[in-house]
Number of protein chains: 2
Amino acid sequence: MRISELSSRTGVSAPLIKFYVREGLLPAAERTGHNRTEYDEQHVARLVLIRSLVDVGGLSLAAARRVLDAIDDADLPLAEVLGVAQGALPRPAAPATPESLDRVRAVTTGRGWHVHDDNPGLEAAAAVLDGWARVGRGDLAAGLERYAQAAAVVAEADLDAVEAIVQSDGDRSRAAETVVVGTVLGDTLMAGLRRMAQEDASVRRYGGGPPDDHVPAPSTRSAAAGAAR
Amino acid sequence: MRISELSSRTGVSAPLIKFYVREGLLPAAERTGHNRTEYDEQHVARLVLIRSLVDVGGLSLAAARRVLDAIDDADLPLAEVLGVAQGALPRPAAPATPESLDRVRAVTTGRGWHVHDDNPGLEAAAAVLDGWARVGRGDLAAGLERYAQAAAVVAEADLDAVEAIVQSDGDRSRAAETVVVGTVLGDTLMAGLRRMAQEDASVRRYGGGPPDDHVPAPSTRSAAAGAAR
């Protein structure tokens with residue numbers, strides 16, 4: 001298919017398609033004649049994957065390229081693809097303190113988790129404890145345990161999803177895509193559901209009754225508060 | 001204090017401090033004489049807060065300014081500060097499909113959650129379902145339920161943390177800061193712990209024995225796989 005058809009089928013503009021090819025995220029079209037190139041179904045699938053990682057998952061182009069390379073490397077075992085996808089987590093600007101690293105390790109060890117010191121999640125979680133301590137907040141110990149408990153629930157769901165894909169078609173490339181997309185999109189899914197669960201917990205604790213009557217939505221709440229002043 | 005002392009106490013460079021003042025994130029220094037300005041402890045505290053939101057939480061400057069404004073607005077009830085902090089969630093590039101919005105609503109309704117349609121988490125979670133469907137993966141229904149279950153655990157921990165702060169000093173401004181910092185940093189904390197829980201779940205299912213002996217860390221795994229080829 002021509003680039004115009006690829007564009008209309010994926011919703012990605014032609015200039016952006018050319019940009020992805022230049023950046024090495026999308027394979028070049030096959031040259032089928034003078035001044036004529038052909039894109040195929042693989043280009044459609046790859047573009048869809050790129051948009052999921054970048055638009056929905058919020059990955060940088062560099063991070064997206066790393067995980068796409070891992071998917072394409074047929075010799076890379078799935079466990080290693082997962083490692084690459086995990087590394088797509090944004091790294092904190094400053095290294096975490098040894099105290100915070102130890103506190104996170106205490107929680108994971110306490111739960112019997114097998115985790116290496118270079119799992120990117122360790123540094124990310126420890127940097128959060130540092131950020132919390134810097135703004136002078138109270139002890140986070142109880143919250144940390146409950147976050148870890150929730151993370152275990154989510155990780156089991158993640159692994160089940162991978163297993164279902166592997167068993168249903170056994171295609172290594174599809175399984176690798178699932179691992180990557182699931183790892184990246186799972187963060188966004190969790191953040192979204194957490195926002196909703198917070199609203200519900202807030203209504204339950206601080207009142208509101210039926211939400212439509214008594215708890216104005218966030219965007220209208222501010223306006224109402226402004227009008228009342 | 002002079003800008004040099006503010007810089008050394010917070011680890012933020014003088015040019016970056018001036019940038020934050022220009023951008024409206026940090027109040028200007030008090031002018032105390034000809035060509036002389038003074039920063040105080042409030043500037044230290046605010047800079048620390050800015051760094052947590054931007055460096056650790058990954059907020060854009062625009063999003064950080066919105067949540068700082070909400071903290072500073074003494075008339076804004078805490079529930080509304082929470083709404084502003086929730087809006088700091090990155091918005092998906094494309095709107096979610098009605099089908100995916102309905103699927104997320106079905107889960108939250110099924111759990112009896114009180115959630116408004118303009119909670120930013122709804123669109124974020126629905127966009128993830130769309131991304132998942134576009135890459136052609138299997139049904140996410142079971143995973144979605146377990147993510148929601150985990151989100152409820154985390155949200156209760158979040159609200160408990162806010163309540164502890166409110167009860168310990170009753171300072172509305174501190175409580176507002178806690179709500180904002182906790183909302184933003186909680187996403188990163190969860191993403192980090194999820195990475196670790198995934199590694200643990202993967203070791204349990206697919207083997208490895210003692211991790212130090214049998215499961216090379218992600219960064220060395222790839223090298224080992226390459227050497228074995």
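Observations
- Accessible surface of the protein assembly as shown [probe 1.4 Å, protein heavy atoms]: carbon and sulfur percent: 53 percent
- For the stretch A:20-96: rounded, prolate or oblate by the Cα gyration tensor [a/c cutoff 1.5]: prolate
- Chain B versus the axis that turns it onto chain A: the residue with the nearest Cβ and the distance in whole Å amount to B:A150, 2.
- Between this copy and the others, label points of A:R31 are 6.6 nm apart in ascending order, each placed 7 angstrom from Cα in the Cβ direction.
- Between this copy and the others, label points of B:P98 are 6.0 nm apart in ascending order, each placed 7 angstrom from Cα in the Cβ direction.
- Under the shape rule built on the C-alpha gyration tensor, where the axes satisfy a ≥ b ≥ c, the stretch B:112-191 is prolate, since a/c reaches at least 1.5 and a/b is greater than b/c.
- Placing a label point 7 Å from Cα along the Cα-to-Cβ direction at B:D160 gives distances to the equivalent points in the other copies of 2.4 nm, listed shortest first.
- About the Cα centre, charge dipole magnitude for the protein assembly as shown (Lys/Arg +1, Asp/Glu -1 at Cβ), debye: 1020 debye
- Net length gained if the chain between A:R111 and A:S173 were fully extended (0.36 nm per residue, minus Cα distance): 19.0 nm
- Summed side-chain charge close to B:E41 - residues other than B:E41 whose Cβ falls under 13 Å, Lys, Arg +1, Asp, Glu -1: -2
- Summed over qualifying helices (DSSP H, 4 residues or more, each -39500 (n - 2.57)) and divided by its residue number, chain A shows a 222 nm mean residue ellipticity of -22000 deg cm²/dmol.
- Ranking A:A191, B:Y20, B:G112 by how far each Cα lies toward the positive end of the dipole of the protein assembly as shown (charges on Cβ) leaves B:Y20 at the top.
- Only protein heavy atoms count here, probed at 1.4 Å, and on that basis chains A and B bury about 9400 Å² of accessible area in total.
- For the stretch B:68-117 versus the stretch A:1-61, the inter-centroid distance based on Cα atoms is 33 Å.
- Computed extension gain for A:N35 through A:D75, at 0.36 nm per residue and net of the alpha carbon distance, reaches 10.9 nm.
- Restriction of the GluC sites (Glu not before Pro) in the stretch A:1-41 to DSSP coil positions whose beta-carbon has at most 16 other beta-carbons within 10 angstrom yields A:E23.
- Each of B:R22 and B:Q42 was given a label point 7 Å from its Cα along the Cα-to-Cβ line. The distance between the two points is 2.4 nm.
- Span-rule helices in chain B, defined as complete DSSP H runs reaching 24 Å or more along the axis (Cα) with Kyte mean at least -0.5: B:141-169, B:172-206
- Accessible surface, chain B, averaged per residue in Å² (probe 1.4 Å): 44 Å²
The values are calculated or read from the model by the stated rules, or taken from the named source; none is laboratory data. None of the values given here were measured: they were computed from a predicted structure. Positions of Cβ are backbone-derived with ideal geometry, glycine not excepted, and every protein chain shown enters the neighbour counts. Only protein heavy atoms, including side chains, enter the accessible area calculation; ligands, DNA and RNA are left aside. Shrake-Rupley method; radii C 1.70, N 1.55, O 1.52, S 1.80 Å.
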